[in-house]
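Student: Supplied in structure tokens, the structure appears directly below.
Derivation of every value follows stated rules applied to the coordinates shown; laboratory data play no part. This structure is a prediction, so every number in the text was calculated from the model and none was measured. Reconstructed Cβ throughout: ideal geometry from the backbone, glycine too, with neighbour counts over all protein chains shown.
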Amino acid sequence: MILPAEPVHRALTLTTASASLATGLFYSVSALYFTRVIGLAPTTVGLGLTVAGAVGVLASFLGGYASDRVGADRLQLAANAVQGLAMLAYVFAGSALAFTLVACVAVGSRSLQGSAKAALQARWFTGADRVEVRARLRVVTNVFIGLGTVLAALALLVDTAAAYRTTMVVVAVLLGASTAPLLGLRRVTGFATVMDVHLDPDRVRGPSPLRDRTYVSSVALNSVIAMQFSMTSVGVPLWIVTRTEAPAVVISVLLVLNTVVVALFQVRAARGTHDIAVAGRTVRRGSLLLAAGCLLYAAAGSVGAVAAVALLVAAELLGTWAEIWCEAGGWGLAFELADPASAGAYQGLTQTGYAVAGMVAPALVTATAVDHGLPGWAFLAAVFALAGTAVAVLSRQAAARRTPQRRAYVAIETPT
């Protein structure tokens, strides 16, 4: 990993790497830990995580407003620490109630952290740098989650309660370590001033993003497209093992393929998406690829094993490119359509959209594509394509409204 020279970017890279390594470990062993070690029924785990997901949605929204009032870096630091403690608390959870309470704290703090991190980037970086930093951090996230998944194989091979508990402790330690790079941020020249602008008594409070129809519409549409993540992590694996003749190992192959392609091309794909119109077109292009990928996934359910594997790999490539483009365009819109005076609240609303998508999508994808095959996949394809097309229309209109304002500003500022 090559560390950036810019100190804030460097700190965010280090904390993201540590937290993502913890995430990869946790996702790999959590289901077995909850069921085999704590002894919970799968339905109990699902219900508890659903409750925690609802808490996460609320925390994402409130985290945006909190970032504007206490400082995004302070909130991210506290949220990372609390999430680490929550992961450690899983080791001592011995009942469904304890599990649910710990899950609520863990998911809630993770959501607060996500809103704070986005708000910090929105305040400190500007223009094209914001999208590029976001893209580079996503590459770090994917790579280190992948490494965490590989490391988790040790616990899975040992397959004992002690091994899973040890892994949970390691997860907590890594999350605790992720706070360290954030501690020195306020020594960066000008950083504290930018983060503490909310303390200025003469500052005029920025508007609520809920009153910004363009931003709310953009968040809603991009959240629909964000359901692709649950399609990849839940829908596709279930589809492969229940409705295709492809071997289950293909699931791992597709995940590795996704990680590699994102790592290689995410930063390049994000260039230029700080322009609102370009961002909208990028989302549309990605959504159409995503729709095509859905149809290829569907086709894999009606052919033999070899053809199914070929179709699944092709679908994953299309889906990964779609993910890269949709994310790049979505970041540009989230940053550029936001009012700078309420950066935290606006980014919190964006994170809330992602949280809602993550909560709703598993059930929706299962009820459509997995349960109904081709008609279900076609339905998802249409939803993604329509949402992406609407984003392009909305962004074009927003760019057209902004251009006259920018020309007027230049005319006023340019001496005659």
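Student: With semi-axes √(5λ) of the Cα gyration tensor in Å defined as stated, name the option among [x] 60, 24, 18; [y] 34, 28, 19; [z] 35, 33, 19 computed from the structure displayed.
Tutor: Answer label, from the structure shown: [y].
Student: So what J values fall out for the stretch 13-22 if you push phi through Karplus, 6.51 cos²θ - 1.76 cosθ + 1.60 with θ = phi - 60°, rounded to Hz, Gly and Pro as x?
Tutor: Whole-Hz 3J(HN,Hα) from phi for the stretch 13-22: 5, 5, 5, 5, 4, 5, 5, 6, 4, 5.
Student: Moving on to the next point. Considering only the other residues whose Cβ falls under 13 Å of the Cβ of ASP159, what net charge follows from Lys and Arg at +1 and Asp and Glu at -1?
Tutor: Working: positive: ARG36, ARG165; negative: none.
Cβ neighbours under 13 Å give a net charge of +2.
Student: Moving to a separate point now. Given Cα pairs under 8 Å that are at least 6 residues apart, what percent is the relative contact order of the stretch 29-138?
Tutor: Once normalised by length, the contact order is 35 percent.
Student: Under 8 Å for C-alpha pairs, at least 6 residues apart: give me the relative contact order for the chain, rounded to a whole percent.
Tutor: Working: 688 pairs, mean separation 101.3, N = 416.
Relative contact order comes out at 24 percent.
Student: Pick out, in residue order, every one of the trypsin sites (Lys or Arg not before Pro) in the stretch 112-193 that is DSSP loop and has at most 14 other C-beta atoms within 10 Å; say none if there are none. Walk me through the numbers before you get to the answer.
Tutor: On the way: sites: LYS117, ARG123, ARG130, ARG134, ARG136, ARG138, ARG165, ARG186, ARG187; in loops: none.
The qualifying sites: there are none.
Student: While we're looking at this one, here's another question. Hey, could you grab the Kirkwood Rh for the stretch 210-413? Inverse mean 1/r over distinct alpha carbon pairs, Å, one decimal. Can you show the working numbers first?
Tutor: On the way: mean 1/r = 0.0569 Å⁻¹.
Taking the inverse mean of 1/r over all distinct Cα pairs, the stretch 210-413 comes out at 17.6 Å.
Student: Something else: What Kirkwood radius, in Å to one decimal, follows from the Cα pairs of the stretch 104-251? The partial results should precede the final answer.
Tutor: On the way: mean 1/r = 0.0507 Å⁻¹.
For the stretch 104-251, the Kirkwood estimate is 19.7 Å.
Student: Largest first and in whole Å, give the semi-axes of the stretch 162-311's equivalent ellipsoid, each being the square root of 5 times a Cα gyration tensor eigenvalue.
Tutor: On the way: eigenvalues 311, 139, 45 Å².
Largest first, the stretch 162-311 gives 39, 26, 15 Å.
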